Amino acid sequence: MFLLISIYLSFSILTITTPYNIMNIVNIILNTINPLFYKTFYIVNRRGFPYTVHNIYYILKNQRGTSGVMHSKMRCVKKESYSRGISVATVGIPAPGPDEVLIRVRYAGICGTDLHTYKWDEWSQRRIKLPLIMGHEFMGEVCQSGENAGSFRLGQRVSAEGHITCGLCRCCKNGQAHICTDVKIIGVDMDGSFAEYVCVPEKNVWPVHDRIPDRYAALFDPIGNAMHAVMKNPVSMKTVLITGAGPIGLFAISIAKENGASKIIVIEPNPFKKVIALKSGADAVFSPDEDYLMNKILEVTGIDGPDVFLEMSGYLSSIRLGMDILCNGGTAILLGIPSREIPLNIAEEIVFKGITIHGITGRRMYETWYQSERFLLKAGKAVEPIITHTVNIDNIEEGFLLMEKGDAAKVLIEIKD
């Protein structure tokens, strides 16, 4: 066995001293023999955390600057111009600060927020400061930690909470960090995950369970949005109306079903997404322009209307429909982001109906993450129909165009070595 360890470390050293093509062959050999050591041999570092022999391989390569990297540059997707579009650029690999972790990104997801930025609409013009590396949904592997960060193994699969909170404001201190008054969002207020590497505060890093595949692990962020929305009000044995079958709306269908909703009605104009909504567990799916739409909804929910309204689209017509048909005393949960300010009839639609409204942003830290993990472990395959396309950095714009045309649900970006 000691001979095997010696061979293993010899191959590790070779990755530092050999050309890139030979290094790839060596990596294949290392990945093949690594399971022999993973659960058997541990070395404790100075912080007392376990490291497998495979971590020595990462540590050795760390002598070159960044673990597992034979160069100092990385490719990324940037928003640089004050107009529609994106660009692919090569920039320096960021160095983690004392409390940060450098993550080698494997998969990232294109979010509706990214599409806002791509199109450079009113919201993004008000919020985004350029230039910016986009993206906040991702998973990858830890490849370097700052001097004060030692909770994660090198090579460990992780995702991360994209809201960087201050930890000092009233919201942070009373358990509502998701509405921190000084929050910074990865890929919105700071460089994000549409890159080969991203730096994240260690406190935001989330370990990925061994039974959760990489592709699903990249979706913790949007699944968490849907989970936060659905779990804001109990849905067990209640009728639920969802307007908007984008990825978060589609995730919300499966989550509401798993949590015992009696009926789920979805409003979505796109035929492609309507099919996915039915596959995800919706009991009825209607187009917003159908004749007698409100009557059709009431046929499913009963004469009083839906108990819970989940607004995921951001469109004025959908918001008005949901508020109008929601039962008296019902709950409206709003997550969709309108592209501009919208008017509401507060007296008729809110006050006199006695409804409760919740605004949803981000994920509860970290209650939502535990809930999302359990959902993926129990019903992870439910998200498979929602992942409709996979692109790479070179053809990422194709993913944005597919989303804009409504020909895709969730688009993943696979970021290869």
Only one of Ser254, Ser159 is touching a Gly at 6+ places or on another chain (Cβ under 6 Å) and either not assigned by TED's automatic domain parsing to the domain that holds Ser372 or not aromatic (Phe, Trp, Tyr) (or both), namely Ser254
If we scan the range 217-226, do we find a residue that is among the β-branched types (Val, Ile, Thr), within 16 Å of the chain's Cα centre (by Cα) and closer than 18 Å to Phe251 by Cβ?
-> yes
Just give me the residues in the range 349-377 being touching a residue at least 24 places away in the same chain (Cβ under 8 Å) and of a type in the set (Val, Ile, Thr), in sequence order.
-> Ile350, Ile355, Thr356, Ile357, Ile360, Thr361, Thr368
If you go through Lys353, Lys378, Lys410, Lys416, the only one that is closer than 22 Å to Glu161 by Cβ and over 17 Å from the mean Cα position of the chain (by Cα) is Lys378
Count - residues of the range 295-312 that are small (Gly, Ala, Ser) and at pLDDT 95 or above = 1
For Ser151, are the conditions met, namely being among the hydroxyl-bearing types (Ser, Thr, Tyr), surrounded by fewer than 22 Cβ atoms within 10 Å (Cβ to Cβ) and in a loop (DSSP other than H, G, I, E, B)?
-> yes
Just for the range 155-174: of the residues that are in contact with a strand residue (DSSP E or B) (Cβ under 6 Å, 6 or more places away or on another chain) and in a loop (DSSP other than H, G, I, E, B), which one is surrounded by the most Cβ atoms within 10 Å (Cβ to Cβ)?
-> Gly162
For the range 132-148, enumerate the residues that are of a type in the set (Asp, Glu) and not in a strand (DSSP E or B).
-> Glu147
Kindly indicate whether Phe272 is under 15 Å from Pro385 (Cβ atoms), surrounded by fewer than 24 Cβ atoms within 10 Å (Cβ to Cβ) and of a type outside the set (Lys, Arg).
-> yes
Does Pro338 fit the bill of being under 25 Å from Lys257 (Cβ atoms) and touching a residue at least 12 places away in the same chain (Cβ under 8 Å)?
-> no
Just one of Leu310, Leu250, Leu293 is in contact (Cβ under 8 Å) with a residue 40 or more places away in the chain, touching a strand residue (DSSP E or B) at 6+ places or on another chain (Cβ under 7 Å) and among the hydrophobic types (A, V, I, L, M, F, W, C); which is it?
-> Leu310
Is one or more of the residues making up the range 117-129 part of a loop (DSSP other than H, G, I, E, B) and either aromatic (Phe, Trp, Tyr) or over 13 Å from Ile186 (Cα atoms) (or both)?
-> yes
Exactly one of (1) modelled with pLDDT of 95 or more; (2) surrounded by 15 or more Cβ atoms within 10 Å (Cβ to Cβ); (3) of a type in the set (Ser, Thr, Tyr) is unmet by Tyr315. Its number?
-> (1)
If the Cβ limit is 8 Å and pairs must be 6+ apart or interchain, which residue in the range 168-188 that is within 19 Å of Ile128 (Cα to Cα) and outside the structural domain of Val105 (by TED's automatic domain parsing) pairs with which residue that is among the basic types (Lys, Arg) and surrounded by fewer than 21 Cβ atoms within 10 Å (Cβ to Cβ)?
-> none
Would you mind stating whether Leu344 is out of contact with any Phe, Trp or Tyr (no Cβ under 9 Å at 6 or more places or on another chain) and either in a loop (DSSP other than H, G, I, E, B) or under 19 Å from Met312 (Cβ atoms) (or both)?
-> yes
Is there a residue in the range 348-361 that is of a type in the set (A, V, I, L, M), assigned to a helix (DSSP H, G or I) and farther than 22 Å from Gly249 by Cβ?
-> yes
Single residue of Val391, Val383 found to be assigned by TED's automatic domain parsing to the domain that holds His163, surrounded by 14 or more Cβ atoms within 10 Å (Cβ to Cβ) and within 14 Å of the chain's Cα centre (by Cα) | Val383
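The values are calculated or read from the model by the stated rules, or taken from the named source; none is laboratory data. It should be emphasised that the depicted structure is a prediction, and the values quoted were computed from it without experimental measurement. Because the Cβ atoms are built from the backbone with ideal geometry, glycine has one as well, and the counts that use them run over all protein chains shown.
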